[in-house]
Amino acid sequence: MKRNVFIALMVIVCFVLQSTLFQIISFGDIAPNLLIIITAAFGFMCGKKCGLIVGFASGLLYDIFFGNVLCFHALIYMYIGYINGNFKQIFYKDDIKLPLVLITASDLVFNITYYVLLFMLRGRFHFIHYLKSIMIPEVVYTIVATLILYPFIRFVTGKLEQGEKRSEDSFA
Amino acid sequence: MRRKRQKFTIPSKYLLLIMTVICVLFMAITFFTDFFAAPLSNFAGAVVVPFQTGVSRVGEWMSNRSDELKTLKDVLAENERLQEQVDALTIENNSLQQEKYELNNLRQLYKLDQEYSQFDKIGARVVAKEAGNWFHTFVIDKGSADGIQVDMNVMAGSGLVGRVTEVGNDWAKVIAIIDDNSNVSATVLSTEDSCMVQGNLEMMDRGVITFSKLINSDMQVKEGDKVVTSHISTKYLPGILIGYISTIDADANNLTSSGYLIPAVDFSHLEEVLVITDLKKDYSEKE
């Protein structure tokens, strides 16, 4: 229960930060993608279903504010969360390499999907330019943001899990 | 514990499938109708916008402080010197340009300026910008409660910023003219030739937006000419400054020209905007 509240809070906080603070302190008009970080992180930490729902929620929030059609971002984020959920088996708590690789890959996949669906299909074929000026900077900033945000998420979920276990033990 | 295990759960595979179907359905519904617009936007306005308003104020404060740190003395001095040079050149350029305009065009300009000040405007604060890096839409803190409607034009300073595309109770979404999806029908003030101004993400790095289909057979349009919104547009009020032409090239068909223009608004430092509460459709009826 506590964990669900924490997840919901994280989604809203990340969305708010991403659309306000990070847009203002962005470098070269590029801001990190916090929503991808939490979608991917909850995916490989808590499993497919959790990643799916977190992805859907963050995408939906995005759609309500900035999307042209509802559920477009929700769909992309949802699949990213689900795919990340498949890596739960090989995820270890103290390993930072796997999360970094997964989040980087997720951000890249998200951006390429986005480019193909929203730009290439409208005849904007200059992929290398978009790669250089948007995707790579965004991925780099996202990695930097991951290094700060991910330990925090892991710390809090770890605490909450401990709390849950303790209450279960005392119940038994 | 046994009772817990018996609890009904959907395997994640099927959940994904169901959610996908729901998403596609929603996309189709919102693409063809605006059925969900009102309840969702009210929810968003109640839950998220207050946070955004607060946080963006903090962010502005922070960015102002960091800007102050950056402005070192010598940079300032150099900037001042360059600015003087720019001003001198601008004045020179302007006077040269203005002499070229014929009396007719000056009259037109005068008339436009008068109309310009007659528009009713309300100020609004930008509280959130598009969270991704691909498009340029933003959210302002005034909504239908303050009389904002869809398709109202938005200005900042003297130039056109964009138009309202979605309205909540106390927030509104604005699409900027530099957005990759935006098209504005425009007029070159000196010759009254019309053209299309299109936002282009690729060109944004250079601080310009593209225009095309300028009928310019006599090659009279010059760099530095003012581009304003045209009378033909269905959504934009006429005579609002969009920007100045920076480069112009003849198209392969030799009939039209295209090129780049520098927007009159600094889109990277947009904090406060003016919403014109006159709608184009009412405006044309009035005339």
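Using R₀ = 56 Å, calculate the FRET efficiency as 1/(1 + (r/R₀)^6) where r is the Cβ-Cβ separation of B:ILE29 and A:LEU131; round to 0.05. Can you show the working numbers first?
Details: r = 34 Å, r/R0 = 0.60.
Efficiency, from the Cβ-Cβ distance: 0.95.
In whole angstrom, the protein assembly as shown maps to an equivalent ellipsoid with semi-axes of 47, 24, 21, each derived as √(5λ) from the alpha carbon gyration tensor and ordered largest first.
Placing dummy labels 7 Å off each Cα toward the beta-carbon, the span from A:ASP95 to B:ALA77 is 5.7 nm.
Once the Cα-Cα distance is subtracted from the 0.36 nm per residue extended length, the A:LYS2 to A:LEU147 segment shows a gain of 49.8 nm.
Å³ per residue of the Cα convex hull, for chain B? Don't skip to the end; give the middle numbers.
Details: hull volume 60.3 nm³, N = 287.
Spelled out: Cα convex hull of chain B, divided by residues, is 210 Å³.
In debye, nearest 20, what is the charge dipole magnitude of chain A about its Cα centre with +1 on Lys and Arg Cβ and -1 on Asp and Glu Cβ, if you could check? Can you show the working numbers first?
Numbers: 14 positive and 10 negative charges, 35 e Å.
In debye, rounded to 20, chain A gives about 160.
List, in the order given, every pair from B:LYS213/B:LYS235; B:LYS226/B:LYS280; A:LYS88/A:LYS165; A:LYS97/A:LYS165; B:LYS222/B:LYS280 whose Cα-Cα distance in the structure shown is over 25 Å. Violating the 25 Å limit, Cα to Cα: A:LYS97/A:LYS165; B:LYS222/B:LYS280. Straight-line reach from A:LYS2: taking Cα to Cα under 12 Å and skipping same-chain neighbours fewer than 8 places apart, the aspartates and glutamates in range are A:GLU161, A:GLU164.
Ordering B:MET203, B:PRO238, B:ALA250 by Cα displacement along the dipole of chain B toward the positive end leaves B:MET203 in first place; charges were set at the Cβ atoms of Lys, Arg (+1) and Asp, Glu (-1).
Can you tell me which aspartates and glutamates have their Cα less than 20 Å from the Cα of B:LYS73? Leave out same-chain residues fewer than eight positions away. Within the straight-line cut-off, B:LYS73 pairs with B:GLU84.
For chain A, the longest principal axis of the Cα atoms and the long axis of helix A:97-118 meet at an angle of about 40 degrees. The shape of the stretch A:2-65 can be summarised by an equivalent ellipsoid whose semi-axes, obtained from the alpha carbon gyration tensor, come to 22, 12, 10 Å from longest to shortest. Here the translational diffusion coefficient of the stretch B:147-227 follows from Stokes-Einstein with Rh set to the Kirkwood radius across Cα pairs; for 37 °C and 0.692 mPa s it amounts to 233 µm²/s. The mean of 1/r over all distinct Cα pairs in the stretch A:43-172, once inverted, gives the Kirkwood hydrodynamic radius of 16.3 Å. Counting only alpha carbon atoms, the long axis of helix A:136-171 and the longest principal axis of chain A meet at about 20°. Between the amide H of B:ASP251 and those of B:THR256, B:SER257, B:SER258, distances stay under 5 Å, these residues lying 5 or more places away or on another chain, with hydrogens modeled in the peptide plane. Within chain B, helices built from complete DSSP H runs that reach 18 Å or longer along their own axis (Cα positions) and carry a mean Kyte-Doolittle hydropathy of 0.5 or higher are B:12-32. Calculated on the alpha-carbon coordinates, the convex hull of the stretch A:10-120 measures out at 106 cubic angstrom per residue. Considering only C-alpha atoms, what is the centroid distance from the stretch A:32-111 to the stretch B:212-274, in Å? Spelled out, the Cα-based centre of one part sits 41 Å from the other.
Read-outs throughout are calculated quantities, based only on the coordinates presented, and are distinct from any laboratory measurement. A quick note: this is a predicted structure, and the numbers were derived from the prediction, not measured. We place every Cβ from the backbone using ideal geometry, glycine too, and count neighbours over all the protein chains shown.
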